[in-house]
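Here the structure comes first, spelled out in structure tokens, and everything after it is commentary.
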Amino acid sequence: MSADPADASLAGPPGDGRGPLVALGDTGAPGVPALRWLDRLPRSGDPPERVIAPAGDGAWRHAPWPAADALFELAPPSGTAVALTGGNAGLRAAVAEHAAARGVALEPIVRLDARELRRCACVILAECPGGALPARAPAVLAAGRLLIVPRLRTAFGLQDGLDHVEFADPDEAVTLVQAYCRAPAAFARMLVWGRVAAEAQRASVVYARLAADLRLHDHGRRA
Amino acid sequence: MRVCFLLPSLRPSGGAAVAAEHARGLAREHGAEADLVVTEPGGERPAGFGDLPVRTLSELGGRRYDVAVATWWQTASALWELGAARRALLLQSFEQRFYDPDAPFERLGAEAVLALPLDYLAVAPWIRDVLAELRPGARCRVVPPGIDKEVFAAGRRVRREGPLRVLIDGQPTLPFKGVREAVAAVEAMSEPVHSTLVALDPGAVGEVGVDRVVGGLDAEGVAALYRESDVLVKLSRVEGLGLTPVEGFHSGLPCLVTPYTGHAEYARHAENAIVVGFDDRPGAGAWLDLLARDRDLLASLSDGARRTARSWPDWRASTASLYRALLEIADAEPAQTDVSLLVRTLALGSELGRARLRRLDTATERALSVAEAHVRDLSDSRDECSEMLEEARAELTRIKGSRAYRAARAAKRAGGVLRRR
């Protein structure tokens, strides 16, 4: 895998790294990767590689990033710290503004990684590329943290209100944070379901499947 | 032992079929008295479920059961409307997942049954494991449903040519069954394909974009459908187990499935099945194309499917396992309510419900603001039109009063008189 260390801590494969080379995000790769797994929509100027993306035309597959196996073992959070991150700067700023106006504390995080996940109890991922679940969402769920995202058109099997919550506008995001901070124990079952949902994206399972996909599709193409 | 299974109605469903098979097996193999009890009030008295005794709640009178088993969250309350020494719930799925966020009360009701004083009978180990996390200490026994090996194990050959015969499983009116996504995957294919949708209620299917829709089939009819297909496509988002791929495996029919809960009990990627991600239309379409081109791969998956099928229990083994579980439940102390879980369930339901209502309020306020703005615009526009009309009238009066207009009118009248002469 070729990836930024922060991204690798969220979505990296377990094991010794043998197998096809996967480039995670826009990172440079030593050589030509077998595929590139984007956290954004594909663009026309992208390198001519097989691309997995949360949405968009021209992608070989549509999927969020896998969730690193180690995250499933993360201990429960000790407090109710809420992290605000995500690729949509405008939305991030709007949520922060509404939170400040209502006296709700949010911790802005520039780059989410496993260390930050360990610190917080809830993550607002302020982005939904092409209306799809953000690429890093499965990592948040696998870590047993409450996931709050904008309303989605493509949820990759997730269910709003059961394994995560969606907000229609920045103010609703703050309302949901307040609800969580008021009664974190009540959200315990949502965290259980979040981990169940994240199992479909467990890195060891997804990368093994991906290796088989590449092998069989390349064999099929040659045949 | 006297047992009853509570069903909402006798309408065909996977859940009702499982309960009926167990009831039949308990009576035949274990000498138990096993009734089906229908809980939905009104309507005609059920005609029966083949050879099984079927009763309505009102017909039970003083009849008492050793164990009464609810089979759907809405039947759980009826457990306390009949005489039973022990009460249990056949957990075929976590049914709150069948509802979207706009059905918060159904979700809450389905979740609340997990806190009731019940023993649980899960159809898959993952259900037991999740229940243990949701409600530590809950008594849950796993009883996987069986397969009719005589009906579903008939031979099937892998077709080496011709369009790929895709069998889509699911009722399109239930969005979580992923039928729309399955049809989209077939539409994304470039190889020749023939698609069939098998639905519980084909009359309610509407336009779905497949070559053929079938439904209302008995087990033999379904088995025949498996034999004439090349791959079963099931792109559900929610399942307890999803038994149709297992039935298909017995005919050597491989499947293309999403990683829904329960799939891991039988589906092995590239061994007996192809597992594609949720909402991955390009991926699912590409896999179907590959299966259409590579019949060796299809044959290999078919072999894998048969191997998996061999280890799946038949109904006799499944019901024997249920019988043992029922004996244990009958011998044990009655289960207790999990008050803490019930309180947490209600608290979360309230918090989410409040947020949902706030969203509705906000949406209503926004809609009202937009409507007010439209009314203002229309009013302004009407005033503007009135002014323009007044101006036009004044202009007309001015024109009519002008010397030129009067002269023109006089000339026109004179011309008319001349023409008549």
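The values are calculated or read from the model by the stated rules, or taken from the named source; none is laboratory data. Worth saying up front: this structure is predicted, and the values here are computed from it rather than measured. Virtual Cβ from ideal backbone geometry, glycine too; neighbours counted across all protein chains shown.
Conditions tested, residue by residue: (1) in contact with a strand residue (DSSP E or B) (Cβ under 9 Å, 6 or more places away or on another chain); (2) hydrophobic (A, V, I, L, M, F, W, C).
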{"position": "B:A317", "(1), (2)": "no, yes"}
{"position": "B:S321", "(1), (2)": "yes, no"}
{"position": "B:P334", "(1), (2)": "yes, no"}
{"position": "B:L360", "(1), (2)": "no, yes"}
{"position": "B:A367", "(1), (2)": "no, yes"}
{"position": "B:M388", "(1), (2)": "no, yes"}
{"position": "B:R393", "(1), (2)": "no, no"}
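Taken together, the residues in the stretch B:323-354 that are of a type in the set (D, E, K, R), within 14 Å of another protein chain (Cβ to nearest Cβ) and not in a loop (DSSP other than H, G, I, E, B) amount to 3. Among the candidates B:A68, B:A85, B:A78, the residue that is of a type in the set (G, A, S), touching a Ser or Thr at 6+ places or on another chain (Cβ under 6 Å), away from every other protein chain (no Cβ under 14 Å) and over 23 Å from B:D148 (Cα atoms) is uniquely B:A78. Criterion first (over 14 Å from the mean Cα position of the chain (by Cα), among the hydrophobic types (A, V, I, L, M, F, W, C) and buried (at least 24 other Cβ atoms within 10 Å of the Cβ)) does A:V110 satisfy it? In short, no. Does A:P64 fit the bill of being in a loop (DSSP other than H, G, I, E, B), crowded, with 19+ Cβ neighbours inside 10 Å and not basic (K, R)? So A:P64 fits the description; yes. Exactly one residue among B:V275, B:V231 is under 25 Å from A:W60 (Cα atoms), within 13 Å of chain A (Cβ to nearest Cβ), under 22 Å from the mean Cα position of the chain (by Cα) and among the β-branched types (V, I, T), and that residue is B:V275.
Among residues of the stretch B:64-83 being free of Cβ contacts under 8 Å to residues at least 60 places away in the same chain and surrounded by fewer than 20 Cβ atoms within 10 Å (Cβ to Cβ), the one that is nearest to the chain's Cα centre (by Cα) is B:S77.
Check the stretch B:161-178 and report whether any residue there is of a type in the set (K, R) and assigned to a helix (DSSP H, G or I). Looking for residues that are of a type in the set (K, R) and assigned to a helix (DSSP H, G or I), one finds at least one in the stretch B:161-178, hence yes.
B:T345 meets all of the listed conditions (1) in the same structural domain as B:E133 (by TED's automatic domain parsing); (2) surrounded by 15 or more Cβ atoms within 10 Å (Cβ to Cβ) but one, namely (1).
Surrounded by 18 or more Cβ atoms within 10 Å (Cβ to Cβ) and at pLDDT 90 or above, is that true of A:R36? When the stated conditions are applied, A:R36 passes them.
Looking only at residues in the stretch A:135-155 that are of a type in the set (A, V, I, L, M, F, W, C) and surrounded by fewer than 24 Cβ atoms within 10 Å (Cβ to Cβ), the one that is nearest to the other protein chains (Cβ to nearest Cβ) is A:A155. Looking across the stretch B:114-154, the residues that are part of a helix (DSSP H, G or I) and within 22 Å of B:L342 (Cβ to Cβ) come down to B:L114, B:A115, B:I127, B:R128, B:D129, B:V130, B:L131, B:A132, B:E133, B:L134.
Considering the stretch A:159-181, the residues that are small (G, A, S) and at the interface with chain B (Cβ under 7 Å from one of its Cβ atoms) include one that is surrounded by the fewest Cβ atoms within 10 Å (Cβ to Cβ), namely A:A168.
Out of everything in the stretch B:13-51 that is closer than 21 Å to B:V143 by Cα and at pLDDT below 90, what residue ends up being surrounded by the fewest Cβ atoms within 10 Å (Cβ to Cβ)? Ranking the candidates gives B:A17 first.
Can we say A:A197 is out of contact with any strand residue (DSSP E or B) (no Cβ under 7 Å at 6 or more places or on another chain), within 18 Å of B:F278 (Cβ to Cβ), more than 8 Å from chain B (Cβ to nearest Cβ) and in contact (Cβ under 8 Å) with a residue 24 or more places away in the chain? Answer is yes for this residue.
Taken together, the residues in the stretch B:67-83 that are assigned to a strand (DSSP E or B) and either within 25 Å of B:G14 (Cα to Cα) or basic (K, R) (or both) amount to 4. Of all residues in the stretch B:355-377, those being hydroxyl-bearing (S, T, Y) and within 9 Å of chain A (Cβ to nearest Cβ) number 1. On inspection, B:W73 passes the criterion of being under 30 Å from A:R151 (Cβ atoms), modelled with pLDDT of 95 or more and away from chain A (no Cβ under 14 Å). Screening the stretch A:105-223 for helices (runs of 4 or more DSSP H) wholly inside it with 1 or more residues that are more than 24 Å from B:E351 (Cβ to Cβ), small (G, A, S) and at pLDDT 95 or above returns the ranges A:114-119, A:137-142, A:203-222. B:V238 meets the conditions (1) in a loop (DSSP other than H, G, I, E, B); (2) closer than 29 Å to A:D160 by Cα; (3) away from chain A (no Cβ under 13 Å) in every case but one. The failed one is (3). For B:Y226, the stated conditions do not hold, so it cannot be described as of a type in the set (S, T, Y) and over 27 Å from B:D289 (Cα atoms). Restricting attention to the stretch B:305-322, the residues that are within 28 Å of the chain's Cα centre (by Cα) and under 29 Å from A:H217 (Cβ atoms) total 4. The condition (being at positive phi and surrounded by fewer than 22 Cβ atoms within 10 Å (Cβ to Cβ)) is satisfied by just one residue among A:G131, A:G79: A:G131.
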